[in-house]
1. From the list Ala239, Ala261, Ala290, which residue is over 25 Å from the mean Cα position of the chain (by Cα) and modelled with pLDDT of 95 or more?
2. Among what's in segment 353-399 and is part of a helix (DSSP H, G or I) and hydroxyl-bearing (Ser, Thr, Tyr), pick the residue that is most open to solvent (accessible area, probe 1.4 Å).
3. Could you tell me which of the residues Asp407, Asp391, Asp439 is touching a helix residue (DSSP H, G or I) at 6+ places or on another chain (Cβ under 9 Å) and at pLDDT below 95?
4. With respect to Leu730, is the statement that it is open to solvent by 10 Å² or more (accessible area, probe 1.4 Å) and either of a type outside the set (Lys, Arg) or over 29 Å from the mean Cα position of the chain (by Cα) (or both) true?
5. Filter segment 187-213 down to the residues that are surrounded by fewer than 21 Cβ atoms within 10 Å (Cβ to Cβ) and part of a strand (DSSP E or B) and list them by number.
6. Which residue pairs have Cβ atoms under 7 Å apart, sit 6 or more places apart or on different chains, and have a first residue in segment 156-184 that is within 25 Å of His93 (Cα to Cα) and a second that is among the acidic types (Asp, Glu) and part of a strand (DSSP E or B)?
7. One residue is enough: does segment 152-163 have a residue meeting the conditions over 23 Å from Pro291 (Cβ atoms) and modelled with pLDDT of 95 or more?
8. Considering only residues that are open to solvent by 10 Å² or more (accessible area, probe 1.4 Å) and in a loop (DSSP other than H, G, I, E, B), look in segment 167-186 and name the one that is nearest to Gln138 (Cα to Cα).
Amino acid sequence: MTSIERIKVRVLALIFVSAACPLTCASAPAPTASPAHPSREVLPDGVVPVHYDLTLAPDSETLTFRGKVAVTLDVRTATASVTLNAVGLTFDHATLDGGKDAVVTFDDKLGRATLDFGAAAPPGKHVLSIEYHGKIGQTTLGFFAMDYASPEGRRRTLATNFEPASARELLPCWDEPARKATFTVSVEAPKNRMALSNMPVAEVTALSATMQRVRFATTPKMSTYLLFVGVGDFERVHATVDGIDVGVVVKRGDTAKASYALDQAGKILHYYNEYFGVAFPLPKLDLIAAPGQIQGGSMENWGAIFYSQNHLLFDPKTSTEADRQEVFEVVAHEMAHQWFGDLVTMAWWDDLWLNEGFARWMQTFVADALHPEWETGLQALAIFEGGKHADAVPSTHPVVQEVFTADQAAESFDAITYNKGAAIITMINAYAGRDKFRDGVRRYMRAHAYGNTVDVDLWRLIQEAVGKPIVEIERDFTRQVGVPLVTVTSTPAGVHLEQSRFAADPSTIAGLAPLHWRLPLAVVPANADSAGADRPYLLLQGAADVAQSRPLLVNGGQTGYARVLYTDGTFEGVAAKMSSLMPADQIGLIDDARALGFAGYLPPDDMLKLAVGIPAQANAIVWERVIRLLSELDDHYADSPQRAVFRRFALDVVAPLAARLGSAGAADESSNIAILRSNLKHARGRFGDSAVIADARRLFDQGGGSVAEQRTALDIVAENADVKTFDLLLARAAKTLDPLEKQHITQALAGVSDPALARRFVEIALSRDVPAGSAPRLLVGLARRHPDAVWEVLAPRLDTAGLPIDKTDQWETAGQIAGYSADPKRIAELEAYEARSVPADARKPFLGSVASIRQNQRIATNVLPLLDRWIAARGAPTARR
């Protein structure tokens with residue numbers, strides 16, 4: 001899915017499993033630690049599932065379904081009762097080995113059902129048979145429906161999305177990652193609809209003139225959260241890659257939008273087969289497009305990956321170069337899970353980062369291999385920055401954290417798990433060396449295929465392959481919270497490095513015990529090539545002296561997970577070399593100056609000094625960072641004369657770049673330059689460049705231009721819309737029969753600058769007039785500029801029936817929206833919502849929202865006035881049209 005202090009280290013026995021192991025292969029070594037824990041909400045281990053034989057009969061009109069499941073059990077200890085997970089299901093009959101109906105009691109809080117059979121079943125194999133029925137939801141978690149318009153009329157797709165603990169809404173099961181079993185799934189569906197699951201179709205049986213039962217082949221052992229069932233008006237395009245039937249499944253009429261993903265998926269599959277050293281073990285791999293957006297973005301069901309439409313579909317008529325890169329990266333991310341997460345699964349949610357951190361890292365790694373021109377590794381610095389931001393506020397948590405409940409598991413899909421996790425892996429891969437790191441990953445895959453693991457199972461094998469203290473480094477960064485802060489001071493012979501902890505608000509860590517990390521850092525001369533594979537590493541533990549001529553660049557190449565604070569004149573020496581530094585280091589210096597300036601460690605104008613030092617010919621990704629910085633600062637200003645002055649300054653900063661790029665692209669220009677031009681135009685429109693706004697309006701009214709120009713014009717026109725234009729765009733969104741085009745329009749409208757129209761758009765985002773599942777993303781996008789307006793309209797509707805946002809998505813959406821505010825009363829309102837609606841064990845993420853509000857207050861009060869003075873002292877910007 002597009003987030004363990006008690007581990008005991010032991011020497012692993014390597015059990016090599018053949019890549020040709022049959023699907024029924026069950027052998028895999030046990031993980032280092034058991035998933036059992038006295039405080040976890042886990043099921044008793046005296047009865048465990050071996051195989052599920054599941055038949056589903058969904059009714060898409062009434063949004064109900066009937067189910068029948070026969071579970072082959074291994075009863076380890078004689079028992080008269082069986083406890084399993086079930087939520088929202090009504091049991092009609094439940095028997096063990098064909099005996100009398102059980103007495104069933106439900107525990108709604110724990111999501112469990114206990115079946116009492118009256119007499120003890122002896123140890124051994126038994127069959128639990130349950131007939132039941134349930135409801136199909138309309139939020140995108142569990143078993144749900146997604147509606148969309150088509151040329152043939154209204155259409156409805158049925159699908160599942162279970163991670164972390166929603167399989168229990170489809171069938172009674174042992175809904176825990178370590179309770180792996182095999183599945184045989186049958187679905188009763190209309191003959192004019194396609195049924196999908198994890199495996200290929202094994203048999204089709206006619207039930208009537210219009211209905212049929214589709215039985216799928218039996219899966220290998222897998223976790224319940226990876227099960228998938230879908231029914232819809234689908235078409236499938238496919239190709240054979242390395243003996244695997246790779247398909248892209250789309251709604252009828254969208255096959256032209258599937259070609260790019262199919263082509264790239266084939267290349268990615270071939271690359272992963274070689275990288276992991278274990279071939280993809282299922283006979284088919286489907287990539288399935290939702291007719292909208294799903295919770296979590298996309299979901300890595302084994303052999304049946306379910307994608308939000310914008311993560312899979314590429315329309316040559318309307319998709320941009322940015323869309324092309326996004327589709328590749330999300331396809332690559334979810335396909336990486338077919339090994340990290342599906343073939344080898346974490347034993348419990350404590351080690352979720354084994355899934356998500358690796359997939360986020362791998363999406364960058366494979367993109368750099370197959371599309372080096374995109375410089376995705378350089379772009380990934382923005383991912384790592386997101387991890388550092390989340391790790392510097394009170395809501396942070398260890399990457400390997402204790403998870404006790406399903407609600408806590410749902411809250412673990414965050415920037416620490418994904419982004420800090422990816423940053424740690426990037427750091428270790430660079431320090432270990434790519435080839436040796438890969439050798440360790442291959443050992444891990446062979447040793448643990450079809451099994452469950454904890455994170456030390458991986459890092460011990462990588463350490464054996466590398467011969468460096470990988471386990472200790474990984475433990476320091478995954479068991480401790482926080483971002484290392486490396487302070488640089490000058491010495492007669494070079495520099496002194498001192499390690500401490502960075503915080504976005506230093507007062508929040510005052511008085512806490514100091515933390516230290518084994519931190520691999522490259523320290524190189526500021527004029528050296530810090531990107532070289534042979535750059536020297538210092539394993540910093542606490543403090544160290546480096547005897548080299550200044551100026552020295554600390555964390556060269558930016559692979560170390562740290563902030564660097566240059567003091568005692570060392571900053572000026574490095575800043576003077578800004579224009580000639582490697583792109584990664586230019587970005588790293590800006591990132592650190594921004595964070596340190598906002599937090600009060602450095603004068604905030606340092607970030608602007610570095611930004612204005614970027615030459616027009618600098619790397620496109622570096623300029624993307626400058627544009628994001630200027631746009632972020634603009635968000636912090638209220639509508640005022642100071643914002644007008646800042647916007648003139650921002651236009652002055654980007655003017656040389658605008659002159660370099662021109663208004664139209666060349667046929668042979670790079671993907672990154674095309675994306676940069678679009679983002680630059682959008683930023684200039686935001687900053688009030690009247691010529692850019694007028695040109696966008698002309699393209700919008702008259703048509704013409706490239707796909708990128710049309711999409712950029714749409715964004716600019718929507719942002720500057722008056723009531724008439726706003727209504728025109730709404731009418732276009734309502735008219736189109738293409739959910740992807742509707743998504744483009746509604747996302748553009750979420751950027752509207754008019755506060756009254758923003759309030760109106762909140763209601764639209766919560767209606768059925770937007771693509772299914774897109775409300776959270778639209779609301780959060782709108783809140784970037786209008787946090788208080790969005791909160792005031794949305795807050796009274798949270799927790800009300802019919803809100804098209806799942807419970808855990810509501811929590812995240814509310815926290816993100818409030819976190820964009822600088823209004824202190826928002827804190828009390830958010831805390832009241834927490835107390836009313838959020839379980840106590842799932843509230844920690846809201847500390848980050850509160851910290852964000854307080855930081856926004858500090859920026860408005862302390863930072864912006866200093867930036868205003870620096871801009872004024874620099875001199876009047878060039879007048880803009």
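1. Numbers: Ala261 fails: over 25 Å from the mean Cα position of the chain (by Cα); Ala290 fails: over 25 Å from the mean Cα position of the chain (by Cα).
Step by step, each of Ala239, Ala261, Ala290 is checked, and only Ala239 is over 25 Å from the mean Cα position of the chain (by Cα) and modelled with pLDDT of 95 or more.
2. We begin by selecting, within segment 353-399, every residue part of a helix (DSSP H, G or I); these are 353-370, 372-374, 376-379, 381-391.
Okay, now just the ones that are also hydroxyl-bearing (Ser, Thr, Tyr), so 364, 376.
Values: Thr364: 17, Thr376: 2 Å².
Among residues in segment 353-399 that are part of a helix (DSSP H, G or I) and hydroxyl-bearing (Ser, Thr, Tyr), the one most open to solvent (accessible area, probe 1.4 Å) is Thr364.
3. Asp407
4. Yes; evaluated as a whole, the condition is true for this residue.
5. Correct list: Glu188, Pro190, Met194, Val201, Ala202, Glu203, Val204, Thr205, Ala206, Met211, Gln212, Arg213.
6. Hits for this filter: Thr184/Asp53.
7. No, segment 152-163 contains no residue that is over 23 Å from Pro291 (Cβ atoms) and modelled with pLDDT of 95 or more.
8. Across segment 167-186, the extreme among qualifying residues is Glu176.
The values are calculated or read from the model by the stated rules, or taken from the named source; none is laboratory data. Here the structure is a predicted model, which means the values were calculated and not measured. Methodologically, a virtual Cβ is constructed for each residue, glycine included, from the backbone with ideal geometry; neighbour enumeration extends over all protein chains shown. For the accessible areas, the whole protein counts, side chains as well, though only heavy atoms, and no ligand, DNA or RNA atoms are used. Shrake-Rupley method; radii C 1.70, N 1.55, O 1.52, S 1.80 Å.
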